[in-house]
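The values are calculated or read from the model by the stated rules, or taken from the named source; none is laboratory data. Quick caveat: nothing in here was measured; it's all calculated off a predicted structure. Here the Cβ is made from the backbone with ideal geometry for all residues, glycine too, and neighbour counts use every protein chain on show. Side chains are part of the model used for accessible areas, which takes the heavy atoms of the whole protein and leaves out ligands, DNA and RNA. Shrake-Rupley method; radii C 1.70, N 1.55, O 1.52, S 1.80 Å.
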Amino acid sequence: MERASINNRIRRLRFDNGEMTQEELAKRVGCTRQTIIALEQGKYVPSIELAFKIARAFGVTLEDVFQYEA
Amino acid sequence: MTISQKTAWVQLGIFGALVIGWAALFIVNGTVFYWQDESVKMTFYWLSAAAFAALVIMNIATSILKSRYGAIADERDKAIFRRASLWATGTSYTVVVALLLVLAITYMNKGAEAISVYFPLFIVLIGGATLLLTQAVAALIMYGRKVEHGES
C-alpha cells in the first residue's frame, strides 16, 4: 500500500513574510530550528497542534501551509 | 544539532566505549562463565559502574540546562526518542532472552559449577547497556530519516 504524504510550503511562506528566519519561526511556534529544517526538507510530519501554530504564525489557514496527497 | 541529539551522541560514546571495554575483557580473559580471577570481575564492574555513572552525570547536566533554558526537546525530539526506546526495548529483550538461553544450556550441559554466581548480574548489566546503546543508535538514525508525529 502506498503511503500518504504531507507536503508543506513553509519555506515559501517564510520568504513571503519578510524573509522570516528559521530561528524566528521556531521561536514563534515553540520548537527548535532543527525541527523547522526537518519540516522544510520533508523529513518530519508535525502534530496537528504544531501545524496550527505554524499556520497562525503566517496568518494563513492550515491548508495554505500543508497539503495532503493520498 | 539539538541538545537531545547531542545527548544521544554522548550516550553512544559512553556505551560504545563500555561495549568495546567488555569485548576486550572477553577476548583477553575468555567468557564470563570461567572467570576465576577477582581482578577481572572487578574490572568488568568498574567499567560498568563508570558508564552508568557517566549516564547519571549526563542526565543531571541535561536537567540543569532544562531548568536554565526551559524546554530543550520539542515534539520531534520526543517522537524520535519514543520510537528509539521501542526499538531499544525489543533489542534489549532479545539479548536478555538469548543470554538466559545460554545460561540454561550451559547449566544443562555442564552443571551449576560451570556458571559464575555473578552471571545473572552480567545479564542485567548487558541488557541495560544494550538498551541504552540501541536507543542512542536508533535515535541518531531517526534524526537523519523521515519521522511522523504519533508514528511508532
Task: Hits in region B:125-149 - residues which are of a type in the set (V, I, T), open to solvent by 40 Å² or more (accessible area, probe 1.4 Å) and under 15 Å from B:T89 (Cβ atoms) - done: B:V137
TODO: Name the residue, out of A:I6, A:I37, A:I48, that is exposed (fewer than 12 other Cβ atoms within 10 Å of the Cβ), closer than 25 Å to B:I141 by Cα and of a type outside the set (F, W, Y).
DONE: A:I48
- [ ] Please state which one of B:I105, B:I80 is within 14 Å of chain A (Cβ to nearest Cβ), over 13 Å from the mean Cα position of the chain (by Cα) and either farther than 29 Å from B:V147 by Cα or assigned to a helix (DSSP H, G or I) (or both).
- [x] B:I80
Task: Close pairs (9 angstrom Cβ cut-off, 6 or more residues apart or separate chains): more than 11 Å from A:T32 (Cβ to Cβ) in region B:65-92, surrounded by 13 or more Cβ atoms within 10 Å (Cβ to Cβ) and of a type in the set (D, E, K, R) anywhere - done: B:A79/B:E148
Open item on the list: Take the residues in region B:108-124 that are closer than 25 Å to B:A50 by Cα and open to solvent by 60 Å² or more (accessible area, probe 1.4 Å); name whichever of them is nearest to the other protein chains (Cβ to nearest Cβ).
Closed with: B:V124
Task: Matching helices (runs of 4 or more DSSP H) fully within region A:1-69 where at least 3 residues are away from every other protein chain (no Cβ under 12 Å) and of a type in the set (D, E, K, R) - done: A:10-16, A:22-29
- [ ] Look at region B:28-47 and say how many of its residues are modelled with pLDDT of 80 or more, over 20 Å from the mean Cα position of the chain (by Cα) and either outside any helix (DSSP H, G or I) or among the hydroxyl-bearing types (S, T, Y) (or both).
- [x] 0
- [ ] Looking only at region B:84-91, decide whether some residue is more than 14 Å from every other protein chain (Cβ to nearest Cβ), under 27 Å from A:A51 (Cα atoms) and open to solvent by less than 30 Å² (accessible area, probe 1.4 Å).
- [x] yes
- [ ] For B:Y45, indicate whether it is within 30 Å of B:N29 (Cα to Cα) and open to solvent by 60 Å² or more (accessible area, probe 1.4 Å).
- [x] no
